[in-house]
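The values are calculated or read from the model by the stated rules, or taken from the named source; none is laboratory data. Just so it is clear, the model here is predicted, and its values are computed rather than measured. Ideal geometry is used to build each Cβ from the backbone, glycine not excepted, and the neighbour counts take in all protein chains shown. Side chains included, ligands, DNA and RNA excluded: accessible areas come from the protein's heavy atoms. Shrake-Rupley method; radii C 1.70, N 1.55, O 1.52, S 1.80 Å.
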Amino acid sequence: MTTPNPEDREDLGLTDSKAIEAEKQAQKEYEEAVQQIAASGLLGDSDIIAEVIAEPDPTLELAQESGMEERMAEIAVELLARAPEHDVQPSTQRVVDCLDILGNPQNSYRSIHITGTNGKTSTSRMIAALLAEKGLRVGRYTSPHMHTMRERVTIDGEILSRQDWVDAWDQIQPAITLVDRASAAAGGPPMSTFEVYTVLAYAAFADAPVDVAVVEVGMGGRWDATNVIDADVAVLTTIDVDHSKFLGPTREEAAQEKVGIIKDGATVISAIQHPDVLPILAEAVTSHRAHLEIEAKDLLLLDRTPGVGGQMISIQTPAATYQEIPFNLLGRHQARNGLLAIAAVEAFFGGGALDGTVLEHALMAASSPGRLEVVRNSPTVVVDGGHNPSGVEAAAGAMKETFHGPIVGVFAAMADKEVEQMLGVLEPVLDAIVVTNLSNPRALPIEDAREIAEDVFGEERVREEYDLLEAVDMAASLAESLNKEEMTAPAVLTIGSIELASRVRELFGKAARSI
């Protein structure tokens, strides 16, 4: 990758780089000398000496970890000072300019790009699992994060370590500063938080290096910061209305933005789309001379058998028919996401069939935290990040299919979401609902949530509990009290927000919030 020229480095205060390099060289020479002495036998058994040298120093490790935490906190402060990621700006030029300064790392690997309204992250995870099972080194970029910003960027299925995140940040920061200055001089804004995340991900993937990047858009597609890659395969989950403030209040407007990820000559893998969306999709495919494979026509979910902790699915693609694939995730919507993932990976490899063992291993290993995830048993507590009507509908259907006893919901949402519609979808499935609080300035106040819930459910089926853990316990007790059948078991569904999903996961020890 290229670096800023000498004048730019001087402007950015980077003239001490020679001193840093000299320090690194001195450390390297010291380590080599120690190794030579150990190998000489002058100090005794060379194998034992080597083992002692190789043992980590706990004090040093603790100091390094503390230093990493401090540095990550500094980076987080810098990111939070920028425009939030939901503040979409109709331009990718700042990202283009920044990546150009860095030598265009995004061009050093192939990519698969994913957009749509719901299911993007789950589909991304399945695609990455399938590619990894095929022996490729895979980078995955998804958003938003639930517990740490580092989870947005994974390599070989592992989130970036603090050290790797800091290294990537240090690499891209000079370029970001240059772009911010140029934008300000032209009367424009600095790079947004999401733009910086995207540049960092693309740079980290190049440094790894990965063979392929699986990239989920942040919002929309055409003007999304991720849309500077030339992806071989574009995946579109079902397009519906969401983020209407930024993408428009109709499916057509949302679709115009999302089909913007389709590139010339790409293969497009699409879920079933609404009749309002199909002409827009067809026009984009034609104008880019792309090849389209669409669910219910070219891609078929032939059969599925729900089971405990997962399901068996049978599907058909243009390349093959795959019978009774064991699948680790719940719900028809996840089976449909799996269909898209398999078709996308087939397309990535030129359209041929995939080995059945690859499918079985990848889909049994695939996970999707915060998406119909069981975080506690007896009674069962299920976490789902559904935050729009169609996402909530998918989760509600899967709950009804999987759990046959009473189901009580725990609900909280952001104020700009279609709360009444989400609750309307949940009403036939839930026996009762507990509204709770989110410590987020964008959240709907608990009093407003209760008022809307009472309009939908009736006062007798609605409870209110400010404390989240108490709300889950209240829902569990209520579900157990409603359970009258010996052969059924009650369940709790927490839903309405990704923020809520992350908090519940942390309560039950599935993850810890960190920088």
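Check Arg376: other-chain or 5+ apart residues with amide H under 5 Å from its amide H, H built from backbone geometry?
Amide H to amide H, under 5 Å and 5 or more residues apart or across chains, Arg376 pairs with Val381.
Keeping to pairs on different chains or 8 or more places apart, tell me how many lysine pairs in the chain have Cα atoms under 18 Å apart.
The number of close lysine pairs in the chain is 5.
Can you give me the accessible area per residue for the chain, using a 1.4 Å probe, in Å²?
Counting only protein heavy atoms, the per-residue value for the chain is 45 Å².
Search the structure for amide H atoms under 5 Å from the amide H of Leu299, placed 1.01 Å from N in the peptide plane, and list their residues when 5 or more places away or on another chain.
Here Ile294 satisfy the definition.
Between beta-carbons, use under 15 Å as the cut-off and find the net charge around Gly370, counting Lys and Arg +1, Asp and Glu -1.
+3
Please list 3J(HN,Hα) in residue order for the stretch 420-433, calculated via the Karplus relation 6.51 cos²θ - 1.76 cosθ + 1.60 where θ = phi - 60°; whole Hz, with x for glycine and proline.
For the stretch 420-433, the Karplus-derived couplings read 4, 5, 4, 5, x, 5, 6, 3, x, 9, 8, 7, 7, 9 Hz, x marking Gly and Pro.
Counting only DSSP beta bridges with both residues in the chain, what percent are antiparallel, rounded to the nearest 5?
35 percent
Compute the Rg to Rh ratio over the chain from the alpha carbon atoms, using the Kirkwood formula for Rh, and round to two decimal places. Display every interim value, and only then the final one.
Working: Rg = 25.1 Å, Rh = 24.9 Å.
Taking Rh as the inverse mean 1/r over Cα pairs, Rg/Rh reads 1.01.
Scattering from the C-alpha atoms of the stretch 149-248 alone, worked out with Debye: what is log10 I(q)/I(0) at q = 0.12, 0.14, 0.19 1/Å?
Taking Cα atoms of the stretch 149-248 as identical point scatterers yields -0.48, -0.65, -1.08.
Treating the beta-carbon of each Lys and Arg as +1 and of each Asp and Glu as -1, no other charges, what is the dipole magnitude of the stretch 370-515 about its Cα centre, to the nearest 20 debye?
700 debye
Hey, how many Å between the Cα centroid of the stretch 430-456 and the Cα centroid of the stretch 376-401?
If you average the Cα positions of each part, the centres end up 17 Å apart.
First check a/c for the stretch 133-198, with a ≥ b ≥ c the square roots of the eigenvalues of its C-alpha gyration tensor; if it is under 1.5, answer rounded, and if not, answer prolate when a/b is larger than b/c or oblate otherwise.
It comes out prolate by the Cα gyration axes.
Please sort 252-261, 437-446 by packing, taking for each peptide the average over its residues of neighbouring beta carbons within 10 angstrom, highest first.
252-261, 437-446
Quick one: if the Förster radius is 56 Å, what FRET efficiency do Ser477 and Glu74 give, using the C-beta to C-beta distance and rounding to 0.05? Show your work: numbers first, answer last.
Numbers: r = 44 Å, r/R0 = 0.79.
Between Ser477 and Glu74 the formula returns 0.80.
Check each of the GluC sites (Glu not before Pro) in the stretch 416-515 and keep only those in coil by DSSP with at most 13 other C-beta atoms within 10 angstrom; list them in order.
Glu485, Glu486
Using a 1.4 Å probe on the protein chains only, how many percent of the accessible area of the chain belongs to carbon and sulfur?
50 percent
For Cα pairs less than 8 Å apart in space and 6+ apart in sequence, what is the mean separation divided by the residue count of the chain, i.e. the relative contact order in percent? Don't skip to the answer; put the middle values down first.
Details: 937 pairs, mean separation 68.9, N = 515.
Relative contact order for the chain comes out at 13 percent.
Near the amide H of Arg110, under 5 Å away, which other amide H atoms are found, from residues 5 or more places off or on another chain, if H is placed in the peptide plane?
For Arg110, the qualifying residues are Ala213.
Using the Karplus equation 6.51 cos²θ - 1.76 cosθ + 1.60 (θ = phi - 60°), what ³J(HN,Hα) coupling, rounded to whole Hz, does each residue of the stretch 206-223 give in order, writing x for Gly and Pro?
5, 6, 3, x, 9, 7, 8, 10, 9, 10, 9, 5, x, 7, x, x, 4, 9
Using the Karplus curve 6.51 cos²θ - 1.76 cosθ + 1.60 with θ = phi - 60°, what ³J(HN,Hα) values do you get for each residue of the stretch 357-374, in whole Hz, with x for Gly and Pro?
Once rounded to whole Hz, the list reads 5, 4, 4, 4, 5, 5, 6, 6, 8, 5, 9, 8, x, x, 10, 6, 9, 7.
All other residues with a Cβ under 11 Å from the Cβ of Leu469 taken together, and with Lys, Arg as +1 and Asp, Glu as -1, what is their net charge?
Once all neighbours under 11 Å are counted, the net charge is -4.
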